[in-house]
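**Q** This is the structure I want to talk about, given as structure tokens.
Bear in mind these aren't lab numbers, they're just calculated from the coordinates by the rules spelled out. As the structure is a computational prediction, the values presented were derived from the model and not from experiment. All Cβ positions, glycine included, derive from the backbone under ideal geometry; neighbour counts span all protein chains shown.
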Amino acid sequence: MSKIDTQGMSGPADPNYKGPKKPQVYKPVVVTPRRVLTPELAKEFKVLINEVLDEREGKSGVTYFDTEYFKYRVGENEPQYKEWS
């Protein structure tokens with residue numbers, strides 16, 4: 001071979017080859033969208049927005065962001081957050 005193919009784009013190595021050329025079938029690329037927020041942060045923003053909207057409607061309850069209320073010991077489960085009513 002008298003040339004170096006760095007791209008892999010050339011045809012067969014034999015310049016006299018006259019066989020059929022088969023087009024390659026490419027599968028479409030699957031693109032996963034990237035998000036700025038992690039799933040945990042998105043959940044907290046959702047809770048915050050819902051609490052603000054509930055507060056505007058006159059509802060009240062224990063806020064999700066009251067860390068003193070949601071304290072728990074190691075080995076126990078975190079207290080369940082209840083939606084405002």
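**Q** Name the lysines eligible as straight-distance cross-link partners of residue 18: C-alpha to C-alpha under 21 Å, and not fewer than 8 places from it in the same chain.
**A** Within the straight-line limit of under 21 Å, residue 18 reaches these lysines: 3.
**Q** Now a separate question. Report, to the nearest 10°, how far helix 39-56 tilts away from the longest principal axis of the Cα atoms in the chain, using its own Cα long axis and a range of 0 to 90°.
**A** The angle comes out at about 40 degrees.
**Q** Right, something else. What net charge do the residues around residue 48 carry, taking every other residue with its C-beta under 15 Å from that of residue 48, with Lys and Arg at +1 and Asp and Glu at -1?
**A** Once positives and negatives cancel, what remains is -3.
**Q** Which peptide among 45-57, 66-78 comes first, and what is the full order, when sorted by highest mean count of other Cβ atoms within 10 Å?
**A** 45-57, 66-78
**Q** I would also like to ask the following. Give me the percent of Cα-Cα pairs in region 27-85 that sit more than 16 Å apart, rounded to a whole number.
**A** More than 16 Å apart: 60 percent of the Cα pairs in region 27-85.
**Q** Net charge near residue 81: determine it from the other residues with C-beta under 11 Å of the C-beta of residue 81, scoring Lys and Arg +1 and Asp and Glu -1.
**A** Computed value for this residue: -3.
**Q** Further question on the same structure: With a cut-off of 14 Å, note down the residues of region 66-82 whose backbone N falls inside the zone around a label point 7 Å from the Cα of residue 47 toward its beta carbon.
**A** 66-72, 78-82
**Q** With the contact rule set at Cα under 8 Å and sequence spacing of 6 or more, what percent relative contact order holds for the chain?
**A** This gives 20 percent for the chain.
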